[in-house]
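Working notes for the structure below.
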Amino acid sequence: MTERGPIEYWLSDMDGVLVHEGRPVPGAEEFVDRLAASGKPFLVLTNNSIYTRRDLSARLAALGLRVPAEAIWTSALATARFLADQRPQGSAYVIGEAGLTTALHENDFVLTDIDPDYVVLGETRTYSFSQITKAVRLIEGGARFVATNPDPIGPSPEGALPATGAVAAMITRATNVEPYFVGKPNPLMMRTALNVVGGHSESTAMIGDRMDTDIVAGVEAGLETILVLTGVTREDEIGRFPFRPSRVAASIADLIDLV
């Protein structure tokens, strides 16, 4: 691996790194507290677009993880930032929850089903056939199609649920229009996060549990990448990919002394 300087900025995935199946990963609390004490800028990243950053901060606090709202970056926030750059004060028809609608409102977007500039698809627990039908017709009428993330399924206590990527595939099949996915593995998610913390790729690390989203996005953004084995990717699967993480760690607990 290319020799890199010390890590001055930290980006970390949430599910599978800090939290697993609704519980904090052992060592996550100590890692987050060490980061906060160090004064080094950091962001917790998630493709989940359902919640606002304040909601997620409160949910993490309930698990003993003290992550301030401003240290959380979601695919909804990245999507809203991207759209505001592309078309300031634009309009969108949105399928999603408060995390996405709040982010778009905060970026001066108008939410409407009357000739919107974009159809924006996010995650929700209540996908409605009428909403999907409306999205299809608006895209056929010329609206641009953007989705917060490509994840096909999401977790729930009862098992897997269809998520943004699966619903996007349905809309694409009906319209022959592919969405632009903003969240991981799009390196745009990493670059917007870098802009938020004021970091540089040469001195920033990305911690993730998935080779196909977290690590590839970090590699393409030029970051140091650290794979932890407490989530999706198993150690024996790493060699199947044409790219490699800079480091592999059993869990976040093994990274505390790097801060």
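The values are calculated or read from the model by the stated rules, or taken from the named source; none is laboratory data. Quick caveat, the model's predicted, so the values are computed rather than measured. Neighbour counts are summed over all protein chains in view; Cβ atoms, including those assigned to glycine, are modelled from backbone coordinates with ideal geometry. Accessible surface is based on the protein model in full, side chains and every heavy atom, while ligands, DNA and RNA are left aside. Shrake-Rupley method; radii C 1.70, N 1.55, O 1.52, S 1.80 Å.
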message = Among the residues of region 160-185, what is the count of those that are over 19 Å from F129 (Cβ atoms) and either open to solvent by less than 30 Å² (accessible area, probe 1.4 Å) or of a type in the set (S, T, Y) (or both)?
response = 4
key: Members of region 74-125 found to be open to solvent by 30 Å² or more (accessible area, probe 1.4 Å), of a type in the set (A, V, I, L, M, F, W, C) and over 15 Å from T148 (Cα atoms), listed by number   = V110, L111, I114
query = Is one or more of the residues making up region 53-76 touching a Phe, Trp or Tyr at 6+ places or on another chain (Cβ under 6 Å), closer than 16 Å to M189 by Cβ and not aliphatic (A, V, I, L, M)?
reply = no
ask   = Does region 123-134 include one or more residues that are hydroxyl-bearing (S, T, Y) and modelled with pLDDT of 95 or more?
value = yes
query = When you go through (1) over 19 Å from S12 (Cα atoms); (2) modelled with pLDDT of 95 or more; (3) touching an Asp or Glu at 6+ places or on another chain (Cβ under 6 Å) one by one for A205, which number turns out not to apply?
reply = (1)
query = In region 129-149, what count of residues is obtained for those that are assigned to a loop (DSSP other than H, G, I, E, B) and open to solvent by less than 40 Å² (accessible area, probe 1.4 Å)?
reply = 3
message = Return the residues of region 232-243 that are part of a loop (DSSP other than H, G, I, E, B), in contact (Cβ under 8 Å) with a residue 24 or more places away in the chain and open to solvent by 20 Å² or more (accessible area, probe 1.4 Å); say none if nothing qualifies.
response = V232, F241, F243
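Matching residues to (1) among the basic types (K, R); (2) within 20 Å of the chain's Cα centre (by Cα); (3) under 19 Å from D212 (Cβ atoms):
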position: S128; (1), (2), (3): no, no, no
position: Q131; (1), (2), (3): no, no, no
position: K134; (1), (2), (3): yes, no, no
position: R144; (1), (2), (3): yes, no, no
position: I153; (1), (2), (3): no, yes, yes
position: G159; (1), (2), (3): no, no, no
position: A169; (1), (2), (3): no, yes, yes
Considering residues of region 6-65 that are under 19 Å from L194 (Cα atoms) and among the basic types (K, R) only, the residue surrounded by the fewest Cβ atoms within 10 Å (Cβ to Cβ) = K40
key: Out of F109, F129, F82, F145, sole residue that is among the aromatic types (F, W, Y) and free of Cβ contacts under 8 Å to residues at least 24 places away in the same chain   = F129
